[in-house]
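Everything on this sheet refers to the single structure shown next.
The values are calculated or read from the model by the stated rules, or taken from the named source; none is laboratory data. Here the structure is a predicted model, which is why all the values come from computation and not from measurement. No Cβ is skipped: glycine too gets one built from the backbone with ideal geometry, and neighbour counts run over all protein chains shown. For accessibility, only protein heavy atoms count, side chains too; no ligands or nucleic acids. Shrake-Rupley method; radii C 1.70, N 1.55, O 1.52, S 1.80 Å.
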Amino acid sequence: MVKGLDDRQKQEISIPRHIGIIMDGNGRWAKKKGLPRSAGHKVGANKFREITKHCSKIGVEYLTVYAFSTENWKRPKDEVWFIMKLFKQYMNEALSDFSYENIRVNFLGDKNGFTEDLRNLIDKVEESTKNKTGMTLNIAMNYGGRDEILKAVKEIAMEAQKGAILPNDIKISDISDRLYTKNQPDPDLIIRPSGEYRISNFLLWQSAYSEYVFMDDILWPDFNVKDLERAIEEYSNRNRRFGGV
Ligand code: FPP
């Protein structure tokens, strides 16, 4: 849990190289206001825009947002449709007026789960932003950490079957190199607002040594730059040992 830190407790702030965010609490936010869940997602999508721009401004190199999991298809059809609509809207913005943003957009997840037009849109956005030199924004859509690891394991098993790799020679990097985050650093900080203390299948492999900041006093649609700063302050005060002393 994170409250405001006392000034005396504050150490030098270190900006995480890679931040992950589980954008949780849209539904509860809407319910509290007597609005449909879609209203929470709409405000949540705008928060996502604001926080993305801010992360890029303060020098975060990689931002990964969890927008839709492999399990989220179980939600009512109209809710899924609405999230896809918001997603498409953002993609179209990224194509039209995103050119002045120095952000590379990348997708984590199984694209085969999307309609053909959405897949094409995703490919276009990835292609048109691939030479940007600023922050990489990973949007996890139809993403599941177990699914991602399973995909890597299957690829390695196929290679073993062909005799291209010996089971005994399989290394940690053989898995990492087959994940959607290939060639990216692991997340340093993972933020989850809304008071849920779970990982929910997000970046399971990559978060082995991530610092988690669970914020139980804020829902995603209310999340703002100050809350991001609180999480970064909390992260800066952690003593990361990566299994050492
Ligand atoms: C979790 O809150 C949120 C989601 C499953 C959807 C997140 C989607 C967006 C923020 C908008 C679309 C994204 C982009 C990239 C434009 P919840 O619905 O589980 O909330 P609850 O736990 O309070 O019900």
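Taken one residue at a time, the phi angles of segment 111-128 give Karplus couplings (6.51, -1.76, 1.60, θ = phi - 60°) of 5, 5, x, 9, 5, 4, 5, 5, 4, 5, 4, 4, 4, 4, 5, 4, 5, 6 Hz. Gly and Pro are set to x. Computed from phi, the 3J(HN,Hα) profile of segment 155-170 under the Karplus parametrisation 6.51, -1.76, 1.60 (θ = phi - 60°) reads 4, 5, 4, 4, 5, 5, 4, 7, x, 6, 9, 8, x, 5, 8, 5 Hz, with x in place of Gly and Pro. Taking every Cα-Cα distance in the chain and sorting them into 10 Å bins starting at zero, the pair-distance distribution P(r) comes out as 7, 29, 36, 21, 7, 1 percent.
Annotation: amide H of residue 69 within the under-5 Å range of 142, 143, sequence separation 5 or more or interchain, hydrogens built in the peptide plane. Each Lys and Arg contributes +1 and each Asp and Glu -1, all at the Cβ; summed about the Cα centre of segment 129-240, the dipole is approximately 460 debye. Every Cα-Cα pair of segment 114-240 was included, and the share exceeding 21 Å stands at 57 percent. Take every Cα pair under 8 Å whose residues are at least 6 apart in sequence, average their separation, divide by the length of the chain, and the relative contact order is 31 percent. Remark: the chain carries a charge dipole of roughly 500 debye about the Cα centre, counting +1 on each Lys and Arg Cβ and -1 on each Asp and Glu Cβ. Only DSSP H runs of four or more residues enter the estimate; each adds -39500 (n - 2.57), and after division by the residues of the chain the mean residue ellipticity at 222 nm equals -13000 deg cm²/dmol.
Taking 25 Å as the limit for the C-alpha separation, the pairs 74/111; 53/182; 74/171; 32/57; 77/226; 33/226 exceed it in the case of 74/171; 32/57; 77/226.
Descending by average beta-carbon neighbour count within 10 Å, the peptides 183-191, 85-93, 134-142 line up as 134-142, 183-191, 85-93, the highest first. With one equal scatterer per alpha carbon and no solvent term, the Debye-computed log10 I(q)/I(0) for segment 1-144 at 0.10, 0.18 1/Å reads -0.39, -1.12. Among 140, 150, 113, which residue has its Cα positioned farthest towards the positive end of the charge dipole of segment 92-181, with +1 placed on the Cβ of Lys and Arg, -1 on the Cβ of Asp and Glu, and the dipole taken about the Cα centre? Highest projection toward the positive end goes to 150. Start at zero, step by 10 Å, and the Cα-Cα distances of segment 201-245 spread as 22, 44, 30, 4 percent across the bins.
Counting only protein chains, not ligands or nucleic acids, how are 73, 205, 220 ordered by accessible area (probe 1.4 Å), most first? Walk me through the numbers on the way to the answer.
Numbers: 73 105, 205 75, 220 5 Å².
My answer, sorted largest first, is 73, 205, 220.
In order along segment 229-235, the Karplus-derived 3J(HN,Hα) couplings, from 6.51 cos²θ - 1.76 cosθ + 1.60 at θ = phi - 60°, round to 5, 4, 5, 5, 4, 4, 4 Hz, and Gly and Pro are given as x. Here's how it looks for residue 190: its modeled amide H is under 5 Å from those of 20, 211, 212, 213, which are all 5 or more places away or on a different chain.
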